[in-house]
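Structure, as structure tokens:
The values are calculated or read from the model by the stated rules, or taken from the named source; none is laboratory data. Bear in mind that the values here come from a model prediction, so they are computed numbers and not experimental data. FYI the Cβ positions are ideal-geometry reconstructions off the backbone, even for glycines, and counts take in every protein chain you see.
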Amino acid sequence: MQRTEFFAKLWSQYIQVTPQAHSIQALINARGEDVINDHVAFRTFDIEGFDLDRASALLATIGYEAFDHYTFPDKHLRAKAYRVPDDSNAPKIFFSELIRSELDEDAQAIIREVTRGLERELTLTDLTGRYAFHRPTFDQYQALADVSEYAGWLATMGYQANHFTLNVNALQTLGSIEEVIELLLEHQYQLNEVGGRIKGTPDDLLVQASTIADQITFEFSDGIVSDIPSCFYEFAYRLADSSGALFQGFVPNNANAIFESTDRR
């Protein structure tokens with residue numbers, strides 16, 4: 001699969017479960033703007049063949065290489081950032097994984113049940129929208145999410161782009177995160193307030209904001225049907241470092257708060 005095709009399939013699947021992203025893009029387009037994607041994000045469990053090592057090998061097939069890594073101890077996560085070295089216009093990728101051994105035994109047992117029988121390795125096609133797991137019961141989902149909202153989300157949503165990100169630097173009619181937020185609030189989009197609507201400061205070289213995830217209906221293995229969080233839309237404004245180049249990495253404190261865009265309401 002070529003990189004352009006990969007991102008086209010990602011977006012097509014993403015807006016099916018994140019209608020707000022499509023409407024926000026239309027809102028920006030109506031101002032005469034082109035929407036440029038800063039990055040996308042994926043989530044996974046640290047299961048061999050589906051972990052960050054596999055993600056690195058997989059993304060290399062479409063030109064990506066890892067350039068930074070991060071840890072999130074309170075959420076039991078680690079992550080890597082990827083970019084295409086010879087194409088600064090290619091969206092970056094943020095790929096995180098849950099460290100199962102850091103959860104309690106009950107949560108680990110639920111994850112083992114949900115992921116039992118995974119036989120082949122993760123593929124690019126999987127990342128464009130595949131539910132690879134056994135559906136949990138409603139009680140299993142609630143118990144898992146009580147320990148790790150990330151795990152609860154992954155156990156129900158599977159593999160897909162967790163979010164796309166509007167590149168605010170590329171906008172002509174909106175010059176800051178603050179102006180983007182003002183537009184979103186004017187049109188009644190719900191924003192992630194964890195740590196404040198704006199994540200990061202100019203000193204961090206990356207300032208971000210995000211919406212709260214849309215909701216979709218999910219049928220659990222015990223027949224219970226309930227709304228669950230799907231995916232959200234993010235906004236990023238990057239500042240120049242001491243060399244004059246725009247910062248390309250991620251800020252753990254920002255990301256830690258943005259993860260909570262998919263928490264249960």
| Cross-chain or 6+ apart pairs with Cβ under 7 Å, segment 81-103 first and under 17 Å from residue 58 (Cβ atoms), then among the hydroxyl-bearing types (Ser, Thr, Tyr) | 82/64; 83/64; 84/64; 92/82; 93/64; 93/82; 95/82; 97/44
| said: Given the criteria more than 20 Å from residue 255 (Cβ to Cβ), among the basic types (Lys, Arg) and touching a Lys or Arg at 6+ places or on another chain (Cβ under 9 Å), does residue 83 qualify? | reply: no
| task | Considering every residue within segment 66-75, establish whether at least one is out of contact with any Lys or Arg (no Cβ under 9 Å at 6 or more places or on another chain) and either among the charged types (D, E, K, R) or in a strand (DSSP E or B) (or both). | result | yes
| note | Residue hits (segment 137-176; touching a strand residue (DSSP E or B) at 6+ places or on another chain (Cβ under 7 Å) and not hydrophobic (A, V, I, L, M, F, W, C)) are 148, 150, 156, 158, 159, 162, 163, 165, 167, 169, 176
| note | Of those in segment 25-75 that are among the acidic types (Asp, Glu) and over 16 Å from the mean Cα position of the chain (by Cα), the residue nearest to residue 260 (Cα to Cα) is 74
| field | Set 123, 156, 128: member being closer than 24 Å to residue 73 by Cα, within 22 Å of the chain's Cα centre (by Cα) and of a type in the set (S, T, N, Q) | value | 156
| note | Apart from one, (1) under 16 Å from residue 42 (Cβ atoms); (2) in a loop (DSSP other than H, G, I, E, B); (3) of a type outside the set (A, V, I, L, M) all hold for residue 85; the odd one out is (1)
| request: Identify all residues within segment 161-196 that are among the small types (Gly, Ala, Ser) and assigned to a helix (DSSP H, G or I); write none if there are none. | output: 170
| Options 166, 183; residue that is surrounded by 17 or more Cβ atoms within 10 Å (Cβ to Cβ) and more than 30 Å from residue 110 (Cβ to Cβ) | 166
| Just to be sure, is residue 33 surrounded by 13 or more Cβ atoms within 10 Å (Cβ to Cβ), acidic (Asp, Glu), modelled with pLDDT of 95 or more and assigned to a loop (DSSP other than H, G, I, E, B)? | yes
| request: Give me a count of the residues in segment 216-254 that are farther than 13 Å from residue 141 by Cα, hydrophobic (A, V, I, L, M, F, W, C), in contact with a Lys or Arg (Cβ under 8 Å, 6 or more places away or on another chain) and surrounded by 17 or more Cβ atoms within 10 Å (Cβ to Cβ). | output: 1
| residue 58 vs. criteria more than 18 Å from residue 148 (Cβ to Cβ) and either touching a helix residue (DSSP H, G or I) at 6+ places or on another chain (Cβ under 7 Å) or buried (at least 18 other Cβ atoms within 10 Å of the Cβ) (or both) | yes
| Any chance residue 49 is loosely packed, with under 15 Cβ neighbours inside 10 Å, touching a residue at least 60 places away in the same chain (Cβ under 8 Å) and under 25 Å from residue 175 (Cα atoms) | no
| request: Check off (1) out of contact with any strand residue (DSSP E or B) (no Cβ under 7 Å at 6 or more places or on another chain); (2) assigned to a helix (DSSP H, G or I); (3) closer than 20 Å to residue 125 by Cα; (4) not hydroxyl-bearing (Ser, Thr, Tyr) for residue 63 and give me the number that stays unchecked. | output: (2)
| message | Being under 26 Å from residue 218 (Cα atoms), without any contact (Cβ under 8 Å) to a residue 24 or more places away in the chain and in contact with a helix residue (DSSP H, G or I) (Cβ under 7 Å, 6 or more places away or on another chain): is that true of residue 191 here? | response | yes
